[in-house]
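Worksheet: the structure to be examined is printed underneath.
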Amino acid sequence: VVLPFFLLSFSLTSREKRFKASWKALAGFFGITAVYFVIRRLVLGAFIAKHGMGFSLSRLELISSVYYEHFRLFVFPFKLNALYTPAAVSFSAFKAAAAIAGVLLLLYLSLGKKTPGPVRAGAQWIFWGLLPVSNIVKIPSAPVAERFQYTIIFGFVLILAYLLAGLQKKKTLTGAAAVSVLVLALGARTFTRNFIWHDNISLFSSMIRSDPANPLAHYDLGNVYEGIGRLDDAIAQFKTDLALDPYNVNAMVDLGAAYAEKGNLQSAIREFKAALAPEAGNIMAVADLGLAYEKEGRLRHAMAQFQNVLELDPGNVQAINALNVIESRLAGRTQK
């Protein structure tokens, strides 16, 4: 999406004729992008995210923090995280100042008459590449993620390579040492990072080590543990998630399900009821509460819950089957 804008700006600002793109070629790139947006509109019903664009004070603070975080990751690729929470990119005056300075530097390098071609190209690549992930259009999954840099960082590498090439041309030990250290350090960082993406447990555990206050990481890790039967570990993660995010209804439901699977039906019922307090129409919570009542032998309470499910979702097969089973059990009691 940003490639046509990069090509246009680089063509207009480059001092070398060989980089002056033809207008027909540029029109072709913009045409392909337009087709993409038309398809996006037809499939998703919107050109951009439904959250839309926004320039409130809080959004501007978020944008400045996001820019700062991306600039930091360029030069200091540590404390990486698959999903950074809003709290992890909280606003500060220092971050805002650094973000503004970084953007101004990009503009200076992009437009400066004496800027070398590779540096100009790298700066413009970063400038355009950061716009879609800047949260001008808010990203619902996470404001920042390390994978957002997979293409943007090429611009930074291009600038760095040009500067290091200058050192190498002088055939000094400093230039060779600088290149060697960077290649070894960043190569090792990439190599070790691959192991973190080996499976969900290692990934979500890494997210928690990087940001212990990340509720989503605790919730996701809890689901993984629950899926493989490590119920005590799952319960601990769901509890931590709720301590950080008390209004996560899904965590309440999943915590209740873990308790029910362990046979702790009273705790399960408590969690299902807690989930229904803020969200009475949560079908999963209503159905799970019905199942817990059924396991306890409170059949009429269970029947009421499954009838509630059918009011919310008239074709719910689970609720229909459960009601048939409960009615049969009640009929058997009456006959006895």
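The values are calculated or read from the model by the stated rules, or taken from the named source; none is laboratory data. Quick caveat, the model's predicted, so the values are computed rather than measured. All Cβ positions, glycine included, derive from the backbone under ideal geometry; neighbour counts span all protein chains shown. These accessible areas exclude ligands, DNA and RNA; they are computed on the full protein's heavy atoms, side chains included. Shrake-Rupley method; radii C 1.70, N 1.55, O 1.52, S 1.80 Å.
Taking the options 42, 105, name whichever one is open to solvent by 40 Å² or more (accessible area, probe 1.4 Å), over 30 Å from residue 11 (Cα atoms) and without any contact (Cβ under 8 Å) to a residue 40 or more places away in the chain.
42
With the condition kept exactly as written, say whether any residue in the range 87-102 is farther than 30 Å from residue 15 by Cα and of a type in the set (Phe, Trp, Tyr).
If we filter the range 87-102 for residues that are farther than 30 Å from residue 15 by Cα, which is where we start, we get 87-97.
Applying the additional criterion that residues be of a type in the set (Phe, Trp, Tyr) yields 91, 94.
Scanning the range 87-102, I find at least one residue that is farther than 30 Å from residue 15 by Cα and of a type in the set (Phe, Trp, Tyr), so the answer is yes.
Conditions first: (1) part of a helix (DSSP H, G or I); (2) surrounded by 12 or more Cβ atoms within 10 Å (Cβ to Cβ). Residue 194 passes all but one, so which condition is the exception?
(2)
Name every residue in the range 120-135 that is surrounded by fewer than 19 Cβ atoms within 10 Å (Cβ to Cβ) and either acidic (Asp, Glu) or over 28 Å from residue 47 (Cα atoms) (or both), in order of residue number.
Selection gives nothing.
Only one of (1) surrounded by fewer than 16 Cβ atoms within 10 Å (Cβ to Cβ); (2) under 27 Å from residue 211 (Cβ atoms) fails for residue 153. Which number is that?
The failed condition is (1).
I'd like the full set of residues that are among the small types (Gly, Ala, Ser) and open to solvent by 20 Å² or more (accessible area, probe 1.4 Å), limited to the range 218-228.
Result: 227, single match.
When only residues in the range 4-20 that are assigned to a helix (DSSP H, G or I) and in contact (Cβ under 8 Å) with a residue 60 or more places away in the chain count, which is surrounded by the most Cβ atoms within 10 Å (Cβ to Cβ)?
10
Is it the case that residue 214 is touching a Phe, Trp or Tyr at 6+ places or on another chain (Cβ under 9 Å), buried (at least 23 other Cβ atoms within 10 Å of the Cβ), within 30 Å of residue 89 (Cα to Cα) and at pLDDT below 95?
Working: touching a Phe, Trp or Tyr at 6+ places or on another chain (Cβ under 9 Å): yes; buried (at least 23 other Cβ atoms within 10 Å of the Cβ): yes; within 30 Å of residue 89 (Cα to Cα): yes; at pLDDT below 95: yes.
For residue 214, the condition - touching a Phe, Trp or Tyr at 6+ places or on another chain (Cβ under 9 Å), buried (at least 23 other Cβ atoms within 10 Å of the Cβ), within 30 Å of residue 89 (Cα to Cα) and at pLDDT below 95 - is met.
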